[in-house]
Amino acid sequence: MDRKKLFNPKGSDSLEERKIIKGNTTNIFNLNNVKYKWSNILYRGMMGNFWIPEKVDLTQDKNDYENLTEEERDAYDGILSFLIFLDSIQTNNIPNVSDYITAPEVNLLLSIQTYQEAIHSQSYQYIIESILSKEKRNSIYDKWRDDTVLFERNSYIAKIYQDFLDNPCDNNYSKIIIADYLLEAIYFYNGFNYFYLLSSRNRMMGTSDIIKLINRDELSHVVLFQNIIKEIKNEYPDFFNEEEIYEMFKTAVDQEITWTNHILGNRILGVTEASTEKYTKWLANERLKSIGLKPIYSNFDKNPYRHLEKFADTQGDGNVKANFFEGSVTSYNMSSTVEGWEDF
């Protein structure tokens, strides 16, 4: 698979010749002529969701953190560490994906995603600096080195990314696209739910407000990769190996369940090993259906955390109208402050 040229005078920007990958683009951002119409809607949504973490007050969270149980603090620290990894590797890897996308309207979205992932990393820094002691801060960033379960999780996704960089062939690119989708569509959400559980008890409300903003961004990334996958399948029907996709999903689900039980288990109020399995397998089924594939987990057709959707503002009751769990965007508004918690 060839990386697109930075400067390509012999390229063509005509809609008839435009391809999602393997096209002959000039790399000029001619956004008056757009082939993939969904990109216009998603662009407006992503741009309308601009925010900065420092707008959220974390003063009370520092006091709340000290009053969490030891198990709750360990879960808080561990989930933060994993989220830091996810957004760090995405910030570095999304440009590698974009280097082989030959539709300028989609390149534009990937550039916005890269920026948003960087904001997420800054958000975690702000949380850590505001809430944790100086002695504890570095341990959050280094936790993946010492926690074998976390290291295995991080290694799985990182190896797929690195394999493509080492050998940029079609198969490795298909895997990196699916791995990106898995990261955006599966890996975040048990962690997000933990923060929403805390906020349902009026704990760590500022952290949950920031997570909600990150949650909104990640939803748009899910939708972006759903569309990229579907467009590639449409233009190159044999590009993806469905059996390989299913195997990657099974690995991701197994690792997500193992990690969540490791960090939360039955020790956190509102989470059990059974609810983790139900939620993760239900979510995987939904994500598979969203890219035109059959679900693989029988009898996992209900979300056990449905009550948390209100805390994530997933039904459009607040400023943001989005069906988070089904992965479709209807509208976004610019966020300079976070509102809505007074309803609870």
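The values are calculated or read from the model by the stated rules, or taken from the named source; none is laboratory data. If you're wondering where the values come from, they're calculated on a predicted model, not measured in any experiment. Glycine also receives a Cβ, built like all others from the backbone with ideal geometry; neighbour counts cover every protein chain displayed.
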- Message: So, in segment 25-53, how many residues would count as being touching a Ser or Thr at 6+ places or on another chain (Cβ under 9 Å) and more than 22 Å from Leu6 (Cβ to Cβ)?
- Response: 10
- Task: Search segment 68-80 for residues that are within 13 Å of Ser139 (Cα to Cα) and pair each with any residue that is loosely packed, with under 15 Cβ neighbours inside 10 Å and of a type in the set (S, T, N, Q) when their beta-carbon atoms are under 7 Å apart and the residues are at least 6 apart or on different chains.
- Result: none
- Query: Given (1) surrounded by 15 or more Cβ atoms within 10 Å (Cβ to Cβ); (2) assigned to a helix (DSSP H, G or I), where does Glu135 come up short, assuming only one miss?
  - Reply: (1)
- Query: For segment 292-319, which residues satisfy the criterion of being of a type outside the set (Phe, Trp, Tyr), surrounded by 14 or more Cβ atoms within 10 Å (Cβ to Cβ) and either at pLDDT below 80 or closer than 22 Å to Phe195 by Cβ (or both)?
  - Reply: Asn303, Pro304, Leu308, Glu309, Lys310, Ala312, Asp313, Thr314, Gln315, Gly318, Asn319
- Quick check: anything in segment 242-252 exposed (fewer than 15 other Cβ atoms within 10 Å of the Cβ) and closer than 30 Å to Arg203 by Cα? no
- Which residues, taken from segment 122-149, are hydrophobic (A, V, I, L, M, F, W, C) and more than 12 Å from Asp77 (Cα to Cα)? Val149
- Residues satisfying the stated conditions in segment 236-270, i.e. part of a helix (DSSP H, G or I), over 16 Å from Val149 (Cβ atoms) and either in contact with a strand residue (DSSP E or B) (Cβ under 9 Å, 6 or more places away or on another chain) or of a type outside the set (D, E, K, R) (or both): Ile245, Tyr246, Met248, Phe249
- Give segment 158-174 a look and list any residue that's more than 14 Å from Ile89 (Cβ to Cβ) and of a type in the set (Asp, Glu), or say none. Asp166, Asp170
